[in-house]
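Have a look at the structure below before the remarks.
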Amino acid sequence: MVFLHPEYLWGLLALSVPIIIHLFDFRRNRKVYFSDIRFLKQVKHASRKPLKLKQLLILASRLGFITFLVLVFVQPTLQGNNGGKLSSGTKLIYVDNSLSMTVAVNANETALDRARFIGQKLLEKLPQGQELIVVNNDNLSQFWMAQGVREASDKIASLNYSSKPFSLPELGKAIRKYELRGETLSDVFIIGDFQKSTFDIEPNALDTTKTYWLAPVSTETIENCVVDSVFQVTTDISSDDEFEIKVIIKNTGPQEKPDLPVKVFIGDRQVSATTVTIPAYQRKNITFSLGKANNFEQGYIQIEDFPVSFDNQFYFTIPRKKTIHVLDLTDVDPSKYIKDVFGNKNVFALKQGDWRSIDYSVFEETDFVVLDQVEMPDPALLESLKRFAQNGGGVLVVPGSKINVQSYKVLFSNVESIVSKMKELQPPSENDPFFSNVLETTSKNIKMPEAKPVWSWGRDRSALISFEDNTPYLSEVTTNMFFISAPLIDSMSSVQTHALFVPIMYKLVSRSSVPGNRLFERVDNEFIDVEVDSSNVRDLFKLRRDDIEIIPDKRKIGNKWRLTFPEDIISAGIYGIEVNNRFENYVAFNPNMNESQLEALNKNEITRSFTGYKYSILDTYGQGKKRITSINDGIALWKYALVISLLFLLSEALLIRFL
């Protein structure tokens, strides 16, 4: 038990007053004259024992009344099991002001409104001389200075929303950095919605010597839909067809969302719209055609999802058409068929050469590599190609009529040399995703090319193209690593002269040269890779949006520049990329989608998360009560003390009247 106001215990000195009255009789005796004392004989002689008992009971009632009346002002409290009383020293209040705090808790109040109110009520519990630090998602990494209660109150009242997420690990790092300056914190108050998606308390993320006071804010709903991603739909890379995008929308709530309106804007002009029904916790893909889109255009997706609306807008950009860099490595003479396929200079930048004289650094500037009929490549080259494919580049291995199969096992261990005759390829299927946008119609009577394989890797049900006997002709043997089983030589294959050859090669290049075709970035990305017309490390790069100008660090990686930004500086929106004040491109940033998943931890889950820490879950005010019932004060006993003091007062009155 603790006393919230022990200074009032001085009131117990008042107990001496009834004791003094009991010990000393201050009443004056007055004489009463009787005419005859004979009538006194009829009065029974009263015993002194009942009189003494009555006086003792009255004294006890008075002492009890005064004692419990003093306890009313002292406010005794039984502490809870999961926390202790507030320690002396500087306090820290962390208010989550992320975008999820825009969600309503009732018709007139958002989660951040309630968090501000809780923060103000916490300050009322503290003495005026208390030193405080108030932090939010925006200033966790900034220099902290303690302030008084009034300044802290002003800071809480002025809190606004932040695009940065709630983060306990970042809070722990900031506290350690603060205490390295010789400062100390005693208690940490955390006020927020405690989302499951952003609540990440790693081992040793927080200091176990401190007491954490947790104030969860419950929102009115967890129903929400959000745009997950926007991608460019891959089409024939040499065509000028209409620009298509795929929009992925996720329902993060437990209820189906029927007829959700979805609109697409280029600039401020709406170019497409539809409605979609999304089951609970599911994603839905929608494809939009944007017409003949121009390079460098910017746009956004707008969904109409209420009452949660902070994530209804999703930004994207339409990039300039990319030049695909293809490297053809041969033994002696470059292949004329490879040159014919990739000879369109508006689309490709083709470089051909002997593999023995290649500088491996050229891979950094390449999107697709053809290892064309090399009999026995160097292991160092094969290892470089293997790393190139693992990093997202595409590799096509075409065997020659003479080939050392053993050397190629560095790339794919299952490949084996075979002796075969000419075999016909199976007709492609319209239902095969690999041939989407390649075939308009198919015919069972189509004349397919033939080829004479020189190696094989066994039965491959996932082969992109197979022979009539179901052995593979073209397979993706590992990620971004493609093998053809027959040379592209007229005497051993007719594939290279068939109508399917060019679109098949384009498909292989498009699968690796533009992986994902993502049209946006996330605000919490540490860096982005961009292609701009710059090769000088002294060039000045800038990101500009309205009046905001950001100068990133830069590093050349292949044919791209890697731009690294200062921490916590990028917000959602579309930025222009400038080089030496010359516009180059746009880049779109969107918040992390975790913020849109509104499901929160319940009390038991919070308890499990804080196992091993000193903590207490605050009883914040209920619906419409506008108060805080506890700051882990435990069980307040002053009300019971008031009732008991009144009972003692009543007992004194009854003793005097009836005893």
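The values are calculated or read from the model by the stated rules, or taken from the named source; none is laboratory data. All values reported here derive from a predicted model rather than from experimental measurement. No Cβ is skipped: glycine too gets one built from the backbone with ideal geometry, and neighbour counts run over all protein chains shown. These area figures cover heavy atoms from the full protein model, side chains too; ligands, DNA and RNA do not enter into them. Shrake-Rupley method; radii C 1.70, N 1.55, O 1.52, S 1.80 Å.
Structure notes:
- Computed log₁₀ I(q)/I(0) - Debye formula, equal Cα scatterers, no solvent, the chain, q 0.07 Å⁻¹: -0.69
- Pairwise alpha-carbon distances in the range 237-375 exceed 27 Å for 48% of all pairs.
- Volume of the Cα convex hull of the range 178-231, divided per residue and given in Å³: 144
- Residues residue 52 and residue 173, FRET efficiency given R0 of 56 Å [Cβ-Cβ distance, rounded to 0.05]: 0.15
- Segment residue 608..residue 196, full-extension length gain: 147.0 nm, with 0.36 nm per residue of separation and the alpha-carbon distance subtracted.
- Computed from the Cβ-Cβ distance with R0 of 25 Å, the FRET efficiency linking residue 560 to residue 292 stands at 0.40.
- Modelled this way, with points 7 Å down the Cα-to-C-beta line, the labels at residue 87 and residue 321 are 6.6 nm from one another.
- Placing a label point 7 Å from the Cα of residue 551 along the Cα-to-Cβ direction, the residues of the range 559-600 with a backbone N closer than 19 Å are 562-570, 576-584.
- For the pair residue 418 and residue 375, the difference between a 0.36 nm per residue extended length and the Cα-Cα distance amounts to 14.0 nm.
- D (Stokes-Einstein, µm²/s), Kirkwood Cα radius, the range 255-319, 0.890 mPa s at 25 °C: 190
- Remark on the range 84-162: ratio of C-alpha radius of gyration to 2.2 N^0.38 Å is 1.13.
- The relative contact order of the range 313-468 comes to 18 percent, based on Cα pairs under 8 Å that sit 6 or more residues apart.
- Computed in the context of the full set of protein chains, the accessible area of the chain at 1.4 Å probe radius has 51% of its extent on carbon or sulfur.
- Heavy-atom accessible area per residue - the chain, 1.4 Å, Å²: 53
- Residue pairs exceeding 28 angstrom between C-alpha atoms, taken from 292/351; 351/560; 125/614; 196/614; 121/164; 336/386: 292/351.
- Estimated distance in nm for a label pair at residue 522 and residue 313, the labels positioned 7 Å out from Cα along Cα-to-Cβ: 2.2
- Stretching residue 73 away from residue 390 to a fully extended chain increases their span by 106.9 nm, per 0.36 nm per residue minus the current alpha-carbon distance.
- In the chain, the calculated helix contribution to ellipticity at 222 nm averages -6500 deg cm²/dmol per residue, counting -39,500 (n - 2.57) for every DSSP H run with n ≥ 4.
- Of the DSSP H helices in the chain, those whose Cα atoms cover at least 27 Å axially and whose Kyte score averages -1.0 or more: 48-74, 638-658
- Site pair residue 639 and residue 567 shows an inter-label distance of 4.7 nm when each label is modelled 7 Å from Cα along Cα→Cβ.
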